[in-house]
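For reference, the structure discussed in these notes is given below.
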Amino acid sequence: MPDEGTATRLRDRLGAPLLAFALVLGGWWCFGEPRPVLARLAWPDGPAPWERITAVYVPDRRSPEDHVVRPGLADLHGCRVWVHGQAVRHGDRRMVRGDWRCMVVAEAGGEPRLHLK
């Protein structure tokens, strides 16, 4: 069993770096943008639980500036269902003329992190 001096030296040797790491991590969490970074690392191919999906349906590929947007969907399945409903509504059930995408957005009004189909 280590004596008191060894335990104290070990605590002193590990304590300062651990405290510095905790302060840096806490500062990043409070003043930085940890959520987008964590989302990119942990969910590179899909939405993180706190992210929302924005669906975009383009009725005619030749006119991509004419599109219908539906923000705030909870998941990719909801996005695909909404897009299919728009295609049916525009008379393009099989998506022959139209196009679509689902964008993963971290915050309302933010830039999309991913574009998925």
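The values are calculated or read from the model by the stated rules, or taken from the named source; none is laboratory data. Only a predicted model underlies this, so the values are computations on that prediction, with no experimental measurement involved. Glycine also receives a Cβ, built like all others from the backbone with ideal geometry; neighbour counts cover every protein chain displayed. When the accessible area is computed, the model is the full protein with side chains, heavy atoms only, and any ligands, DNA or RNA have been set aside. Shrake-Rupley method; radii C 1.70, N 1.55, O 1.52, S 1.80 Å.
Looking at the chain, the accessible area is 72 square angstrom per residue; that uses a 1.4 Å probe and ignores ligands, DNA and RNA. P(r) tail for the chain, what percent of Cα pairs lie past 18 Å? Taking all Cα-Cα pairs of the chain, the fraction more than 18 Å apart is 63 percent. Unpaired Cys in the chain, meaning no second Cys C-beta under 4.7 Å: CYS30. Length available on full extension from ASP12 to LEU25: 0.36 nm per residue minus the Cα-Cα distance, which gives 2.7 nm. Of the residues PRO49, PHE21, VAL81, the one whose Cα sits farthest toward the positive end of the charge dipole of the chain, with +1 on the Cβ of Lys and Arg and -1 on the Cβ of Asp and Glu, is VAL81. Computed from the C-alpha gyration tensor, the three semi-axes of the ellipsoid equivalent to the stretch 76-117 are 23, 10, 8 Å, from longest to shortest.
Estimated at 0.36 nm per residue, the fully extended path between VAL68 and ASP45 surpasses their Cα-Cα distance by 5.9 nm.
Here the chain has 60 percent of its accessible surface on carbon and sulfur atoms, given a 1.4 Å probe and all protein chains in place. Calculated mean residue ellipticity, 222 nm, the chain: -14500 deg cm²/dmol, from DSSP H runs (n ≥ 4) at -39500 (n - 2.57) each, averaged per residue and rounded to 500. Do any chymotrypsin sites (Phe, Trp or Tyr not before Pro) in the stretch 28-117 lie in a loop, going by DSSP, with at most 15 other beta-carbon atoms within 10 Å of their beta carbon, and if so which? Listed in order of number, the matching sites are TRP50. Loop-resident trypsin sites (Lys or Arg not before Pro) (DSSP state other than H, G, I, E or B) in the stretch 14-92 with no more than 13 further Cβ atoms inside 10 Å of their Cβ: ARG61, ARG62.
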